[in-house]
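Got a structure for you, written out below as structure tokens; questions coming shortly.
The values are calculated or read from the model by the stated rules, or taken from the named source; none is laboratory data. Quantities reported herein were computed from a predicted structural model and do not represent experimental measurements. Cβ placement follows ideal geometry from the backbone for every residue including glycine, while neighbour counts extend to all protein chains displayed. We work out accessible area using only protein heavy atoms, side chains counted, and drop any ligands, DNA or RNA first. Shrake-Rupley method; radii C 1.70, N 1.55, O 1.52, S 1.80 Å.
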Amino acid sequence: MALDKAKIITVTSVKGGTGKTTVALSLAGLLSKKKLKVALLDLDLSGGAIATSLNTVTNQSIHSLVNDMMNNRFDQIEKYLVKYDDYIDVLAAPNDPRDALKVHPKLLETILRHLEYQYDIILIDTNNATSEINLVTFDSSDEIIYVITDDIIDLKNMKSMIAIYDDMNLDKYKIILNETFERKYNNLEIKNALGRNIDYILPKSFYDKDYQRYIMDGKILSIERPDNKGIMVLEDMLNKILK
């Protein structure tokens, strides 16, 4: 059990298909290697892939947790998380995407309170929707990590998010450019498009040739290949966040 309140780190995007979940899983693996207790929450409620990627498919999910809370059947939060290894526990997204709308944002706040003194880190994978669930998640987070490509829609959407953070005078976010997708613009062009620098760049080598096999076997890239250059980038970022 964690003695201090957990740090909440959220991995998100402004468009689908950026490699966001791969980054979230890699961060979980790095935290596990540091022997930090991690609650890995899949808040991509209508299309979550965390439990499936880790081969930790379970009948329990955040929907069953919320449903039990609403019907006075909730007992212990541990019953709804499934163990991946000695340090990573997973709270899965609903098995049925129709249940995504039944997860009430106010209950998410309650769930986070139940977890925050039992874990060192609450690591959240969420989608790119501007939803009330995501707004509660972002507001609760200590750090928000945006994974983007240099697709023009990605850049325009990210620029809009930067404007919102600037307007709110918040800087608790970082931007990762995933280079495993074909580059269209150089760093200066991206900076001009966003109005700020990219914080970190995941090189093309981040996409390991054995990645699909790792997913089939329920393994995590950062645990299997700590020498991957992209993993080294994520570890450097994580070390700075944890300071």
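Can you work out which of the residues in segment 108-127 that are open to solvent by 20 Å² or more (accessible area, probe 1.4 Å) and over 12 Å from the mean Cα position of the chain (by Cα) is nearest to residue 68 (Cα to Cα)?
This residue is 110.
Search segment 177-202 for residues that are at positive phi and touching a residue at least 12 places away in the same chain (Cβ under 8 Å) and pair each with any residue that is among the aliphatic types (A, V, I, L, M) and open to solvent by less than 60 Å² (accessible area, probe 1.4 Å) when their beta-carbon atoms are under 8 Å apart and the residues are at least 6 apart or on different chains.
Going by the 8 Å Cβ cut-off, the qualifying pairs are 195/162.
Identify, from the list 56, 130, the residue that is free of Cβ contacts under 8 Å to residues at least 12 places away in the same chain and either open to solvent by 40 Å² or more (accessible area, probe 1.4 Å) or not in a strand (DSSP E or B) (or both).
Only one candidate passes the filter, namely 130.
Now a separate question. So for segment 92-105 (the condition being open to solvent by less than 70 Å² (accessible area, probe 1.4 Å), at pLDDT below 95 and of a type in the set (Asp, Glu)), does at least one residue qualify?
yes
Pull up segment 214-228, narrow it to residues that are of a type outside the set (Val, Ile, Thr) and part of a helix (DSSP H, G or I), then point me to the one that is most open to solvent (accessible area, probe 1.4 Å).
Pass one, segment 214-228, residues of a type outside the set (Val, Ile, Thr): 214, 216-219, 221-222, 224-228.
Those left that are additionally part of a helix (DSSP H, G or I): 214, 216-217, 221-222, 224.
On the way: 214: 13, 216: 147, 217: 77, 221: 6, 222: 0, 224: 75 Å².
Here the residue is 216.
Related question: Are any of the residues in segment 172-184 among the charged types (D, E, K, R), under 25 Å from residue 53 (Cα atoms) and in contact with a Ser or Thr (Cβ under 7 Å, 6 or more places away or on another chain)?
no
Filter segment 163-183 for residues that are open to solvent by 10 Å² or more (accessible area, probe 1.4 Å) and of a type in the set (Val, Ile, Thr); which is farthest from residue 202 (Cα to Cα)?
164
Among the residues of segment 153-183, write down those that are over 21 Å from the mean Cα position of the chain (by Cα) and more than 15 Å from residue 13 (Cβ to Cβ).
163, 166, 167, 168, 169, 182, 183, listed by residue number.
Look through segment 184-213, keep the residues that are part of a loop (DSSP other than H, G, I, E, B) and more than 25 Å from the chain's Cα centre (by Cα), and return whichever of them is surrounded by the fewest Cβ atoms within 10 Å (Cβ to Cβ). Reasoning before the result, please.
Restricting attention to segment 184-213, the residues satisfying the condition of being part of a loop (DSSP other than H, G, I, E, B) are 184-186, 195-199, 203, 207-210.
Remaining after also requiring more than 25 Å from the chain's Cα centre (by Cα): 184-186.
Working: 184: 12, 185: 15, 186: 10.
This residue is 186.
Yes or no: segment 64-72 includes at least one residue that is small (Gly, Ala, Ser), buried (at least 21 other Cβ atoms within 10 Å of the Cβ) and either touching a residue at least 12 places away in the same chain (Cβ under 8 Å) or part of a loop (DSSP other than H, G, I, E, B) (or both).
No: segment 64-72 contains no residue that is small (Gly, Ala, Ser), buried (at least 21 other Cβ atoms within 10 Å of the Cβ) and either touching a residue at least 12 places away in the same chain (Cβ under 8 Å) or part of a loop (DSSP other than H, G, I, E, B) (or both).
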